[in-house]
Each structure stands twice: as structure tokens, then as C-alpha cells.
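Worksheet for the structure shown next.
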Amino acid sequence: MPEERAFWLDESFDREHGSGGRSRYDAEVLARVDDFADSWGDIAPVSFAAIAWRLATELSPGYVRWHRRIVTATCTPSPWDGSMIFAVTVISRWPAELTWTRQWQRDRGWRDWPQLFGQYTMPSEQDLTRSPHLRALLQVEGPVPLDDLPPAPAGPDSSVALAARRAVTVLVRELNELLAPVIGQLEAGVPAES
């Protein structure tokens, strides 16, 4: 089974739609440099990387892109110990317990996630008046390895955009390592071989 990408950086769109010789993401980081104020010189790179991730995913379209099954993706400092925690919501098929038999449906026309041109969408208001919908989501959470995250810059200088870009690149790589196999298995739609 080929492995799916869960996340990627849209470098070409970012460069092509930048202005003043800067990419969109670099311009956003520099415009919102005050968002990083509490992370300057922090010994742990977590707060800086979390803000860099948030800015990369808030752009529209995002600098960080993700698979059509991913609904949300956050990277935040853990309130427990300050490590980096990810939380990703993933669209899934119905659990096996509901597909084994259709008896529970009682001929009511239950529907799964609607799709439009291969993209998962929310059912329309009209759809909801016609049949019930059961849309399964998986909430995947856990630690993100910090080994390769760049240190937080000492202050708002010319290195901020480069460090933010590096942090986001590392987070994309680590999240792909964790989640690409999950996405690949969901896309395959068959039970995994033992």
C-alpha cells in the first residue's frame, strides 16, 4: 500500500503569491512578530514552534496543507510539562461494529460523509432534512519529538521568519511520520494485514 502524505508545505503557492520579495508565510510572521513575544530566548523551542504552526495554518490557503481526511491540526505546549502536543481530527469510515450489519439503520437511509469532487464536506441543510447522517471522526493526540526544532530566537530580528519556517518544516515531517500510516490505512479502506 503506498503511503499517503498527511501534511505538506505549499512552497510554490507561498512564493508565487508573496509580495515585496517575501513569501506569504514570511510576511505573515513578520507582520505578527508580536505573537512570538513570550517565546523570545526561551530555552525550550515549544512555544515558538507552536506559534509558527498556528500562523502557518491560519493563512488562507494555509502554508501547511493537509490530506482531505484531516479536519483540524494543532500543535501546542502541554500544560503538564511544556512538551509539544499535537491534536489532529481525522475523517473516518464508520466503525466495523456499524458496518457488520445494517439492521441498526432500520431503513432510514443513514448517510456517511458527503463528498464533492473527492473532498469531504458537511451535509447541506437540505441533506439533513432528507436523511440522518453519521459522520465518524478520529481524534489523534500525542507528543511531537522536539529534537530537530530550532531554538527560539532571542528577539524580533531578521532570523524570526527563517526559524519559524524551519520549525514548521520539522513539525510537518514529524506529523507525517506519525500520521501518514493512519491516513494510508484509512484510504486503503481494508483491514490491515496482521
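Any read-out appearing in this document is the output of simple, stated calculations on the displayed coordinates, not a laboratory observation. Fair warning: this is a prediction, and the values are worked out from it, not measured in the lab. Don't worry about glycine lacking a Cβ; one is built from the backbone with ideal geometry, like all the others, and counts go over all protein chains shown.
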*Using amide H atoms built 1.01 Å from N in the peptide plane, name the residues 5+ places from V71, or on other chains, whose amide H lies under 5 Å from its own.*
T89, V90, I91
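Write down the percent of antiparallel bridges among all DSSP beta bridges whose residues are both part of the chain, to the nearest 5. Could the numbers behind the result be given before it?
Values: 21 of 22 bridges.
Percentage antiparallel, nearest 5: 95.
How big is the C-alpha Rg of the chain next to the rule-of-thumb value 2.2 N^0.38 Å, as a ratio? Numbers along the way, then the final one.
Details: Rg = 19.8 Å, N = 194, 2.2 N^0.38 = 16.3 Å.
So the Cα radius of gyration is 1.22 times the expected 2.2 N^0.38 Å.
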*Counting only residues 5 or more places away or on other chains, whose amide H sits under 5 Å from the amide H of R111 once H atoms are built in the peptide plane?*
H133, L134
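Roughly how many debye, to the nearest 20, is the charge dipole of the chain about its Cα centre, given +1 on each Lys and Arg Cβ, -1 on each Asp and Glu Cβ, and no other charges? Can you show the working numbers first?
Numbers: 19 positive and 27 negative charges, 172 e Å.
Roughly 820 debye, rounded to the nearest 20.
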*For the range 105-153, what is the convex hull (Cα atoms) projected area averaged across all directions, in square nanometres?*
7.1 nm²
*Go ahead and estimate [θ] at 222 nm for the chain from helices alone: -39,500 (n - 2.57) per DSSP H run with n ≥ 4, summed, over the residue count, rounded to 500.*
-10500 deg cm²/dmol
*Rank E125, E174, E11 by mean-square fluctuation in a GNM of the chain with C-alpha springs under 10 angstrom and give only the top-ranked residue.*
E125
*Residue by residue through the range 84-101, which ³J(HN,Hα) values in whole Hz follow from phi under the Karplus form 6.51 cos²θ - 1.76 cosθ + 1.60 (θ = phi - 60°), with glycine and proline marked x?*
8, 10, 9, 9, 10, 9, 10, 6, 10, 6, 4, x, 3, 4, 8, 9, 4, 9
*With contacts defined as alpha carbon pairs under 8 Å and 6 or more residues apart, what's the relative contact order of the chain in percent?*
31 percent
*With the dipole of the chain worked out from charges on the C-beta (+1 for Lys and Arg, -1 for Asp and Glu) around the Cα centre, which of H67, L186, L134 lies farthest toward the positive end?*
L134
